[in-house]
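Below is the structure I would like to discuss, written out as structure tokens.
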Amino acid sequence: MRYLSHAGNENQNFEPTPSGNGRVRLLVRNQTLFPIRDIYLAVVLSDASGNAVGVSSSKIDVLAGEASEDVFFTWRHPFSPPPALVEAYLRTNLTE
């Protein structure tokens, strides 16, 4: 059973910015009726060979039941060429 989900095709979440740095937007959804605390998120950008070229992380302190939240990940340096793959990881402890 999935308690948390994120929307969209991960490979299409990388958005180039005018500076070339780019950003990734994740829409995180709590699919339960109860609040979920301490949600840790990480995004890994990889090149065509599968090598990680960028990593960013964030934390959502509390996400109310049946709520959703946009989370944006940014980088300080440009990517040339743009990443070939975007992978998102969500982690929390539902027993706390």
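Filter the range 22-65 down to the residues that are within 12 Å of LEU90 (Cβ to Cβ) and without any contact (Cβ under 8 Å) to a residue 24 or more places away in the chain and list them by number.
SER57, SER58, LYS59
Any idea which of (1) surrounded by 13 or more Cβ atoms within 10 Å (Cβ to Cβ); (2) in contact with a His (Cβ under 9 Å, 6 or more places away or on another chain) is the one GLN31 doesn't satisfy?
Of (1) surrounded by 13 or more Cβ atoms within 10 Å (Cβ to Cβ); (2) in contact with a His (Cβ under 9 Å, 6 or more places away or on another chain), only one is false for GLN31: (2).
Of the residues VAL28, VAL44, only one is under 13 Å from PHE14 (Cα atoms) and at pLDDT below 95; which?
VAL44
The values are calculated or read from the model by the stated rules, or taken from the named source; none is laboratory data. Owing to the predicted nature of the structure, the values given are computational and were not obtained by experimental measurement. All Cβ positions, glycine included, derive from the backbone under ideal geometry; neighbour counts span all protein chains shown.
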